[in-house]
Amino acid sequence: MKSNILIFILIIFLYNCGSQTGPDLSPEASKKILKNLPSWYMETPEKNGYRYAAADATSQSMQLAVDKARVAAVSNLSQMVKSEWNGFTKRIQEETGLGSESQLLDQYSSTQENIISNQLDNLKVISKEIQRENSNGVDIYRAFVLVEFDENAANEKILARLKSDQQLYDAIRATELLEEMEEKVEAYRKRYKE
């Protein structure tokens, strides 16, 4: 009986000590992935009045892969536009070991503030592609995302706001001038009444 318990404990111990590795969530792109890259990923479009950024990301969740790629693309684009986009993306990569025994630790976290909604109103995802790949025997998703920022529409909004502000200023100034004129007319009437 004691030997059975000892064997059982030994089996549990060996099972728990065994390597239980999951998928590598930041694998190098396979030849298949590289062969099927979206054309806009390697050669970002150029169009007068627009800015573009492309990014890719991987995850076991298709939606998370798309979200991570979108955040990376928006972050890259916002740096080009010099907007007040506030976000915090943290990625830690550490490789330990030597040669074929090396292991890569990859952690990703992202936090965003919605301040960009006022600064990058004319930003949209114009293309995305999702590919499935195998990582350590588990399927993961690699998402490619292309975002576009319409500078012309943003400039038009700024001009409209400036014109609106100018109209308000003109209305206030006209009211001030009207009050000033009424004061002068009242002063004129007082002079002639005396």
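The values are calculated or read from the model by the stated rules, or taken from the named source; none is laboratory data. Only a predicted model underlies this, so the values are computations on that prediction, with no experimental measurement involved. Cβ atoms come from the backbone with ideal geometry, glycine included; neighbour counts cover every protein chain shown. Surface accessibility is based on the protein's heavy atoms, side chains included, excluding ligands, DNA and RNA. Shrake-Rupley method; radii C 1.70, N 1.55, O 1.52, S 1.80 Å.
Numbers for the structure displayed
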| quantity | calculated |
| --- | --- |
| Hits among lysines - C-alpha to C-alpha of Lys184 under 25 Å, sequence gap 8 or more where chains match | Lys193 |
| Above-threshold pairs, the threshold being 24 Å between Cα atoms, out of Lys68/Lys128; Lys31/Lys90; Lys32/Lys128; Lys35/Lys68; Lys32/Lys90 | Lys31/Lys90; Lys32/Lys90 |
| Which of Ser109, Ser75 is most accessible, then next, and so on - probe 1.4 Å | Ser109, Ser75 |
| Reach of Lys157 by Cα under 20 Å, taken over aspartates and glutamates that are not fewer than 8 positions away in the same chain | Glu84, Asp121, Glu148, Asp165, Asp170 |
| Using a Förster distance of 45 Å, the FRET efficiency for Lys32-Ile172 (Cβ separation, nearest 0.05) | 0.10 |
| List Arg142, Arg132, ordered by accessible area with a 1.4 Å probe, largest first | Arg132, Arg142 |
| Ordering of 32-41, 61-70 by burial proxy (mean other Cβ atoms within 10 Å per residue, highest first) | 61-70, 32-41 |
| Segment Thr44-Arg132, extension gain: residue separation times 0.36 nm, minus the distance between their alpha carbons | 29.4 nm |
